[in-house]
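Engineer: Starting off with a structure, shown below.
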Amino acid sequence: MEEIAITDIEGISVGHAQDLKAATGCTVVIGREGVTAGVDVRGGAPGTRETDLLDPVNLVQRIHAVVLSGGSSFGLDAAGGVMQYLEEEGIGFDAMVTKIPIVCAAVLFDLPVGDYTVRPDRKMGYAACLDARFPGCSEGCVGAGAGATVGKILGMERCMKSGLGAFCVRTGHLEIGAVVAVNCLGDVIDPETGETLAGVLDEDAKRCLNTEDIMIRQFADRRMMFGGNTTIGVVVTNARLTKSEANKVASMAHNGYGRTLRPAHSMFDGDTIFSMATGRIDADVSVVGLLAARTMERAVVRAVKLATPLCGLKTHSHIVG
């Protein structure tokens, strides 16, 4: 397999906008020609937009963008700016009087990290679309990863900075990649080595503890009430998929979360994955799904390893340096 940029997938562009002082931002993945899409929401505390229309029984067959955003539910406002940009570009579902862009979205909770009064809004969503005009996909503390953190079971004073990661491969003519903002309650593990890359810090802030062990010890106290989490991502492929198959690919991609996040899909996370398929080539859906999980794994790892210090929070480089 050959590693490529996710924007090497024809018809796909990625843009970010962020306010690093406030520690929040949004990321947009645009499929200008329309893409078949699916979604799988597994966390217990999701914040999403336009996910019902991805059910195969519903009318709309193609979407035009997915927004990943900070700001908790306030951040859903960024999708309005994406709709404005796409309408200006003449992109959307033809409703006769105008074209209506179909824009799905998911949000993560980053309000405690910087300035909680600043959230991704319509203006920031529009700015992310302008950024998507340029090739490539920046990683680290950008876009939806600007305020992302991990390891929050003992509070924000013991957590670590995370970010946004992307990873994409080509095998033969099949291309598939993932973009993810990692903002989980627990720890991030490298599935290839078993190493804890980031998570809840000990009292000296020199090494990571084990979130799952802490949760097991504390289960009777019912003190695990921190809901400020959620890992959100998109897998993109040039495969030709039906809506049902796109939903299956999104489901299989969650294996990437399961291999890297400990725990994944808790009641305190709103873990969500969208899939987008441009329909350029035929491919077996099971192969697309397993590669979706693999690329999601590597994107999660990159999100943590490429994070840079922000708001006084430590990163992976601090505990391995």
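The values are calculated or read from the model by the stated rules, or taken from the named source; none is laboratory data. Keep in mind the model is a prediction, meaning the values are calculated, not measured. Don't worry about glycine lacking a Cβ; one is built from the backbone with ideal geometry, like all the others, and counts go over all protein chains shown. The area values use the complete protein model at the heavy-atom level, side chains included, leaving out ligands, DNA and RNA. Shrake-Rupley method; radii C 1.70, N 1.55, O 1.52, S 1.80 Å.
Engineer: Go through D115, D202 for me and flag whichever is within 15 Å of Q18 (Cβ to Cβ) and charged (D, E, K, R). Explain how you work it out, then say what you get.
Structural biologist: Values: D202 fails: within 15 Å of Q18 (Cβ to Cβ).
Matching residue, one of D115, D202: D115.
Engineer: For region 87-99, state whether one or more residues are surrounded by 23 or more Cβ atoms within 10 Å (Cβ to Cβ) and part of a helix (DSSP H, G or I).
Structural biologist: Looking only at region 87-99, we keep the residues that are surrounded by 23 or more Cβ atoms within 10 Å (Cβ to Cβ), and these are none.
No.
Engineer: Would you point out which residue out of G125, G147 is within 22 Å of A178 (Cα to Cα), assigned to a loop (DSSP other than H, G, I, E, B) and at pLDDT 95 or above? Show your work before the answer.
Structural biologist: Details: G125 fails: assigned to a loop (DSSP other than H, G, I, E, B).
Exactly one residue qualifies, and that residue is G147.
Engineer: What are the residues in region 46-76 that are surrounded by fewer than 22 Cβ atoms within 10 Å (Cβ to Cβ), in a loop (DSSP other than H, G, I, E, B) and within 17 Å of the chain's Cα centre (by Cα), if any?
Structural biologist: Of everything in region 46-76, those that are surrounded by fewer than 22 Cβ atoms within 10 Å (Cβ to Cβ), in a loop (DSSP other than H, G, I, E, B) and within 17 Å of the chain's Cα centre (by Cα) turn out to be P46, E50, T51.
Engineer: Consider region 299-321. How many of its residues are over 21 Å from A146 (Cβ atoms) and not hydrophobic (A, V, I, L, M, F, W, C)?
Structural biologist: 1
Engineer: A follow-up question, please. Working carefully through the options G140, G147, G155, G151, find the one that is in contact (Cβ under 8 Å) with a residue 12 or more places away in the chain, within 25 Å of H265 (Cα to Cα), touching a Leu at 6+ places or on another chain (Cβ under 6 Å) and open to solvent by less than 20 Å² (accessible area, probe 1.4 Å).
Structural biologist: On the way: G147 fails: touching a Leu at 6+ places or on another chain (Cβ under 6 Å); G155 fails: touching a Leu at 6+ places or on another chain (Cβ under 6 Å); G151 fails: touching a Leu at 6+ places or on another chain (Cβ under 6 Å).
The unique qualifying residue is G140.
Engineer: Check every one of the strands (runs of 3 or more DSSP E) wholly within region 187-262 and list those with 1 or more residues that are at positive phi, at pLDDT below 95 and surrounded by fewer than 21 Cβ atoms within 10 Å (Cβ to Cβ). Walk me through it before giving the result.
Structural biologist: Numbers: elements: 187-189, 196-198, 232-239.
Where strands (runs of 3 or more DSSP E) fall fully within region 187-262, none carries at least 1 residues being at positive phi, at pLDDT below 95 and surrounded by fewer than 21 Cβ atoms within 10 Å (Cβ to Cβ).
Engineer: For region 173-180, state whether one or more residues are assigned to a loop (DSSP other than H, G, I, E, B) and either of a type in the set (A, V, I, L, M, F, W, C) or under 27 Å from G125 (Cβ atoms) (or both). Outline the logic, then answer.
Structural biologist: Start the filter on region 173-180 by keeping residues that are assigned to a loop (DSSP other than H, G, I, E, B), which leaves 173.
With either of a type in the set (A, V, I, L, M, F, W, C) or under 27 Å from G125 (Cβ atoms) (or both) added as a condition, the list becomes none.
No, because not a single residue in region 173-180 is assigned to a loop (DSSP other than H, G, I, E, B) and either of a type in the set (A, V, I, L, M, F, W, C) or under 27 Å from G125 (Cβ atoms) (or both).
Engineer: Being under 17 Å from I176 (Cα atoms) and either free of Cβ contacts under 8 Å to residues at least 12 places away in the same chain or open to solvent by 10 Å² or more (accessible area, probe 1.4 Å) (or both) is the filter here, so list the residues in region 13-45 that pass it.
Structural biologist: S13, T36, V39
Engineer: Please go through region 263-290 and give me each residue that is open to solvent by 10 Å² or more (accessible area, probe 1.4 Å) and modelled with pLDDT of 95 or more, ordered by number. Quick ask: steps written out before the conclusion?
Structural biologist: Quick first cut of region 263-290, residues open to solvent by 10 Å² or more (accessible area, probe 1.4 Å) only: 263-268, 278-287, 290.
T278, G279, R280, I281, D282, A283, D284, V285, S286, V287, L290 - these are the residues of region 263-290 that are open to solvent by 10 Å² or more (accessible area, probe 1.4 Å) and modelled with pLDDT of 95 or more.
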